[in-house]
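Engineer: First the structure, then my questions, so here it is.
The values are calculated or read from the model by the stated rules, or taken from the named source; none is laboratory data. Fair warning: this is a prediction, and the values are worked out from it, not measured in the lab. Please note: Cβ atoms are built from the backbone with ideal geometry, for glycine as well, and neighbour counts cover all protein chains shown. What goes into the accessible areas is simple: the full protein's heavy atoms, side chains included, and nothing from ligands, DNA or RNA. Shrake-Rupley method; radii C 1.70, N 1.55, O 1.52, S 1.80 Å.
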Amino acid sequence: MHIDADNCVIENLRRVVTCDGGGPLLGANMRHLNTLEHSPCVAVEDGFVSYVGPRDRLPAALDTAPTIDGRNLVLTPGLVDCHTHPAFVRARADEFAMRLAGASYEQIAAAGGGILSSTTGVRHATDPELLAQTTRNLQRLRRHGVVAAEGKSGYGLSLEHELRQLQAIKDAGEQADMHTVRSCLAAHSLPFEFRGSDEKRAEYLQLVIQEILPAAAKGGLAQRADVFCERGVFSPAETRAVAEAAIANGLRLTVHAEQLSDTGGAAVAAEFEADSADHLEFLSGQGAEAMRQAGTAAVLLPGSTYVLKMEQWADGRGLIERGLCVALATDFNPGSSPVANPAFVMNLAVMHCGFTPEEALAAFTVNAAHALRLSTDEWGVIKPGSRAAFALWDVDHEREIPYYAGSNLCLEVITCRGWRS
Ligand code: NIG
Ligand code: FE
């Protein structure tokens, strides 16, 4: 629901979950979501929250504002999905069937499937097709409560097609009424035409460093760079080279790290004070400590652990207790995580990564905002000055969001005119 008015009041709510603790919620604070009960209301003026509290103390000037009926339900901040790959044009259900029959993700990738199959799809799609599919993917996320999403390229793997993907994510955000943060993931896989020799491999890395990243940074098309640091993909040394180029071009950094093995990507992320290192199923204690000291957030993606049928889940409990900023994201992509439902990801985090339901919600709101370096006064929270973007849930208590596994209980995403300005 988009409210096209200068101001409005959302009333008749059972609970408002503010997630406001003055910044990312760390350690034991992650369980304290700062809720309001007994029919609170939320007022919005010019796209930003102006009041949160009891209805009878609503400032008189807002008495005549249009009202939205909260139906005695639970209002949370609009969710922030801090790791997605939405610019793909085709599902990979064929590979899903191959994996179910016993092939591994790495075997399929080595045979030219996986990321390269999505790359073929993007390269052959027209701009309108790419935009339409990317918009469709962001709309899928929005229907499940997401108002801000990070989106990665990484299925273009050439100057032209990486830029087309980033542009598609930017434009799709406009069409889906979603805020986007864009990351250039040219270092996602070695493209087919650069395989076969060390020289060609080095040539592709030079292309990424000298041409793709500078072009992606230009005009703010991308804000960040990402690297898939993994055994058989890009090494820590190659990740470091891309990170240096990213920083030199004014991009911030994030890294796909320790997903399938302890390759050392988390330490490189920490070395460059990256926004986050993501996946982390095989993160070592040393890697975690380096991240904590660098202020690098830990983004866990249990949707992909689940889809890849991995036995090792990321140690969310340990990372929370160590005091890192821990966030969750869908990793929505056509291969390892065709999962566009944050509540389901929260369920997996509770079932397998040691989160409490409250921690899972903090990880998809204020902590996810911080993982993207979005202001936690504006994003992932409900407080005066925050963005007027909310999720209304068909539940009696926020604990039920991760509990009703697999259902979409997000009844409505509410955004108000000017909220993205
Ligand atoms: O986050 N790990 C690498 N990249 C993606 C998967 C991309 C794909 O399979 O298309 C991920 O899991
Ligand atoms: Fe990913």
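Engineer: Using 0.36 nm times the number of residues separating Arg143 and Arg317, minus their current alpha carbon distance, what extension gain do you get?
Structural biologist: Full extension from Arg143 to Arg317 adds 59.8 nm.
Engineer: Same structure again: Explain nothing, just the number: dipole magnitude of the chain about its Cα centre with +1 on each Lys and Arg Cβ and -1 on each Asp and Glu Cβ, in debye rounded to the nearest 20.
Structural biologist: So the dipole magnitude of the chain works out to roughly 300 debye.
Engineer: Roughly how tilted is helix 198-207, in degrees to the nearest 10 and between 0 and 90, from the longest Cα axis of the chain?
Structural biologist: 40
Engineer: Taking 0.36 nm per residue of sequence separation and subtracting the Cα-Cα distance, how much length would be gained by fully extending the chain between Ile247 and Ala97, in nm to one decimal? Walk me through the numbers before you get to the answer.
Structural biologist: On the way: separation 150, 0.36 × 150 = 54.00 nm, distance 4.01 nm.
Using 0.36 nm per residue and subtracting the Cα-Cα distance, I get 50.0 nm.
Engineer: Please give the peptides 251-259, 413-421, 33-41 ranked by average Cβ packing (other Cβ atoms within 10 Å per residue), highest first, as a rough proxy for protection. Before the final figure, lay out the partial values.
Structural biologist: Numbers: 251-259: 27.4, 413-421: 19.4, 33-41: 17.8.
Descending mean neighbour count gives 251-259, 413-421, 33-41.
Engineer: Output the peptides 330-337, 111-118 sorted from most to least packed, where packing is the average of other Cβ atoms within 10 Å over each peptide's residues. Before the final figure, lay out the partial values.
Structural biologist: Working: 330-337: 26.2, 111-118: 19.6.
Per-residue Cβ counts within 10 Å, averaged per peptide and sorted highest first, yield 330-337, 111-118.
Engineer: While we're looking at this one, here's another question. Considering the dipole of the chain built from charges on the beta carbon (Lys and Arg +1, Asp and Glu -1) around the Cα centre, which of Tyr204, Thr365, Pro191 is farthest to its positive end?
Structural biologist: Pro191
Engineer: Moving to a separate point now. On average, how much accessible surface per residue is there in the range 79-371, in Å², for a 1.4 Å probe, leaving out ligands, DNA and RNA?
Structural biologist: Result: 34 Å² of accessible area for each residue.
Engineer: Indicate, rounded to the nearest 5 percent, the antiparallel portion of the DSSP beta bridges found entirely in the chain. Don't jump to the answer; show the numbers that get you there.
Structural biologist: Working: 23 of 57 bridges.
The answer is about 40 percent antiparallel.
Engineer: Right, next: Got a sec? Charge dipole of the range 296-391, +1 on Cβ for Lys and Arg, -1 for Asp and Glu; which of Gly380, Gly318, Gly303 is way out at the positive end?
Structural biologist: Toward the positive end, the furthest listed residue is Gly380.
Engineer: If packing is taken as the average number of other Cβ atoms within 10 Å across a peptide's residues, how do 199-206, 100-107, 369-376 rank, most packed first?
Structural biologist: Highest mean packing first, the order is 369-376, 199-206, 100-107.
Engineer: Mind checking which lysines have their C-alpha under 25 Å from Lys309, skipping anything on the same chain fewer than 8 residues away?
Structural biologist: Within reach: Lys152.
Engineer: In degrees, nearest 10, range 0 to 90: what is the angle between the Cα axis of helix 342-352 and the longest Cα principal axis of the chain?
Structural biologist: Value to nearest ten degrees: 70.
Engineer: Using a 1.4 Å probe on the protein heavy atoms, what percent of the accessible area of the chain belongs to carbon and sulfur?
Structural biologist: The nonpolar share, carbon plus sulfur, comes to 50 percent.
Engineer: Mind listing the long-range amide H neighbours of Leu25? Cut-off is under 5 Å, sequence gap 5 or more, other chains count too, H placed in the peptide plane at 1.01 Å from N.
Structural biologist: Answer set, sorted by chain and number: Asn367.
Engineer: So, one more: Express in nm, to one decimal, how much length is gained between Ala132 and Gln210 on full extension, taking 0.36 nm for each residue of separation and deducting their alpha carbon distance. Write down the numbers at each step before the final one.
Structural biologist: Details: separation 78, 0.36 × 78 = 28.08 nm, distance 3.03 nm.
Between Ala132 and Gln210, full extension yields an extra 25.0 nm.
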